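Step one of this worksheet: look at the structure below.
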Amino acid sequence: MKQLVRHTIGQYSMIPPGTRVLCGLSGGADSVSLVLCLQELGYDICACHLHHGLRGAQADGDADFCRRLCEAHGIMFRLGHCDAAAEARRQKISVETAARQLRYDFFTRCAEELGAQRIATAHTADDNLETMLFHLIRGTGSAGLAGIPPVRDNIIRPLIAVERRQVEGFLKERGQDWCTDATNLDDSCTRNRLRHHVIPALREIEPAAARHALETANLLRQDNACLDSMAAVQDTQLEAESLLRLPEALQGRQIRQVMAQAGMPMGEISAKHIHGVCALARKKRGSVSLPGGRAVRRGEVLGIEKTAVPVAEIRLEPEKPMGFGAYTVQFTRKISDIHSSFKLYPISCDTIRLSDLSVRTWQRDDRMTLPGARGARSLKRLYAERGITPDVRDTLPILCCQGKIVAAAGIGTEQAFCGNAGFFAVRHKSGSTDREE
């Protein structure tokens with residue numbers, strides 16, 4: 001196995017001389033063998049483990065195992081904790097996707113802290129075959145069938161040509177144990193059923209199935225790189241007619257690139273979603289729901305809009321600028337101190353308690369009465385009348401006092417709180433006020 005790993009590292013120029021490598025260590029057989037193999041090959045390594053807060057005492061045991069393993073082998077180690085389930089609820093994504101995002105964010109932070117220029121993950125040839133099959137049965141294009149790339153930016157996979165049986169043999173030769181995640185034994189998960197039943201059946205037909213899949217993936221990545229360069233786009237929207245004039249082989253790629261530019265969760269985008277957006281491009285108007293957002297056809301433009309992540313309510317201290325999502329907000333009486341890029345909403349200080357100010361985003365039952373209006377109207381309707389799209393509306397700051405709306409960015413000041421003694425100041429962090437107006 002060591003010879004194969006050494007060859008893979010050289011083939012893809014994974015680790016330049018003098019480079020420190022951070023290893024993602026879960027405690028499973030693959031990651032344990034990754035750490036020990038790279039150390040035996042003489043590389044400068046460190047390791048980290050993220051406790052996702054999902055499996056209780058078993059996860060605690062995995063974290064302790066990783067710590068003890070690194071102590072025994074003199075390897076620098078960092079342990080982190082997070083709540084993947086809470087993050088999934090917050091972003092309205094799957095727990096698996098949230099955990100992956102948190103994990104790679106943690107890897108990046110640890111690499112910076114420990115001075116590592118490369119981050120190594122323990123994906124094997126079996127993982128690659130499993131990923132290719134998973135994408136195939138779910139529906140995908142050649143990008144999905146290209147499997148797991150050996151190198152992506154500063155992420156490297158030194159075990160990508162190694163099969164799981166080789167991993168376990170490597171560890172048994174050294175008398176090294178490892179952790180087994182009970183969730184990996186649950187056949188209700190599609191990936192586990194592929195791992196436990198489909199891949200063994202394929203190996204009975206062709207023992208070198210994983211190696212052949214790896215070769216196929218490498219060829220597909222070469223083709224994809226060429227086609228992606230032909231479909232290159234650096235925007236979150238397209239001209240629908242221009243898209244439709246492209247060969248079909250490029251249409252889907254351009255849509256995927258636009259989705260990526262918009263920050264969509266690409267791991268959850270399937271061929272079905274791409275086909276849906278292509279069909280939308282042939283219509284005059286409409287929208288298509290996507291994981292984490294939607295595609296919208298308005299006039300000649302086809303755009304991708306990411307669902308805004310809700311911003312938590314904050315307490316607002318008078319005269320102190322504070323961050324609120326994509327905005328900077330402040331309540332002040334000193335208008336001379338406010339930069340001209342801020343949008344100002346005048347407030348009567350006699351009608352509010354300065355110690356009870358807060359800022360939040362809109363809620364569906366919110367209503368307010370604007371100066372001169374006959375009565376209260378819903379914020380949803382007021383936003384719509386001003387042409388504020390849902391993706392912007394869901395991020396705009398609203399000033400409240402003791403639960404009552406005082407002023408809403410993009411709309412104005414509530415009639416009961418109008419005055420000129422104070423001001424609710426709002427500025428998009430990009431420096432533009434267009435988002436509030």
Exercise. Select from the range 284-321 the residues that are in contact (Cβ under 8 Å) with a residue 40 or more places away in the chain, of a type in the set (K, R) and closer than 18 Å to D235 by Cα and list them in ascending order.
Key: R297, K306
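What's the total number of residues in the range 29-43 that are outside any helix (DSSP H, G or I) and in contact with a helix residue (DSSP H, G or I) (Cβ under 8 Å, 6 or more places away or on another chain)? Please lay out each step first, then the result.
The initial filter retains those residues of the range 29-43 that are outside any helix (DSSP H, G or I), namely 41-43.
If we keep only those that are in contact with a helix residue (DSSP H, G or I) (Cβ under 8 Å, 6 or more places away or on another chain) too, we end up with 41.
Here the count works out to 1.
Where residues in the range 30-77 are charged (D, E, K, R), open to solvent by 60 Å² or more (accessible area, probe 1.4 Å) and modelled with pLDDT of 95 or more, which of them is nearest to A161 (Cα to Cα)? Give the derivation first.
If we filter the range 30-77 for residues that are charged (D, E, K, R), which is where we start, we get 30, 40, 44, 55, 60, 62, 64, 67-68, 71.
Adding the requirement that they be open to solvent by 60 Å² or more (accessible area, probe 1.4 Å) leaves 40, 44, 55, 60, 67-68, 71.
Narrowing further to those that are modelled with pLDDT of 95 or more: 40, 44, 67-68, 71.
Details: E40: 18, D44: 21, R67: 27, R68: 28, E71: 28 Å.
The qualifying residue nearest to A161 (Cα to Cα) is E40.
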Quiz item: Restricting attention to the range 132-154, does a residue exist that is under 29 Å from D64 (Cβ atoms), in contact with a Gly (Cβ under 9 Å, 6 or more places away or on another chain) and open to solvent by less than 60 Å² (accessible area, probe 1.4 Å)?
Solution: no
Practice problem: List every residue pair whose Cβ atoms sit under 8 Å apart, with the two residues 6 or more apart in sequence or on different chains, where the first one lies in the range 192-215 and is part of a loop (DSSP other than H, G, I, E, B) and the second, anywhere, is surrounded by 11 or more Cβ atoms within 10 Å (Cβ to Cβ). | Solution: E206/H212
Quiz item: With respect to the numbered conditions (1) of a type outside the set (S, T, N, Q); (2) touching a residue at least 60 places away in the same chain (Cβ under 8 Å); (3) open to solvent by 20 Å² or more (accessible area, probe 1.4 Å), which one is the sole condition not fulfilled by G263?
Solution: (2)
Exercise. Could you please let me know if D391 is of a type in the set (D, E, K, R) and assigned to a helix (DSSP H, G or I)?
Key: yes
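Of all residues in the range 325-349 being touching a residue at least 60 places away in the same chain (Cβ under 8 Å) and part of a helix (DSSP H, G or I), which is most open to solvent (accessible area, probe 1.4 Å)?
First, pick out the residues of the range 325-349 that are touching a residue at least 60 places away in the same chain (Cβ under 8 Å): 325-333, 335, 338-339, 341-349.
Then drop every residue that is not part of a helix (DSSP H, G or I), which leaves 335, 349.
Numbers: I335: 80, C349: 13 Å².
That would be I335.
Any idea which residue in the range 48-79 is nearest to Q101 (Cα to Cα), counting only those that are among the small types (G, A, S) and out of contact with any His (no Cβ under 9 Å at 6 or more places or on another chain)?
G56
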Quiz item: For the subset of the range 91-120 comprising residues that are touching a Lys or Arg at 6+ places or on another chain (Cβ under 6 Å) and buried (at least 18 other Cβ atoms within 10 Å of the Cβ), which member is nearest to H51 (Cα to Cα)?
Solution: C110
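The values are calculated or read from the model by the stated rules, or taken from the named source; none is laboratory data. On a predicted model such as this, the values are computed, not experimentally measured, just so you know. With ideal geometry, Cβ positions are generated from the backbone for all residues, glycine too; neighbour counts draw on all protein chains shown. Ligands, DNA and RNA are stripped out before the accessible areas are found, and what is left, the full protein with its side chains, is counted by its heavy atoms. Shrake-Rupley method; radii C 1.70, N 1.55, O 1.52, S 1.80 Å.
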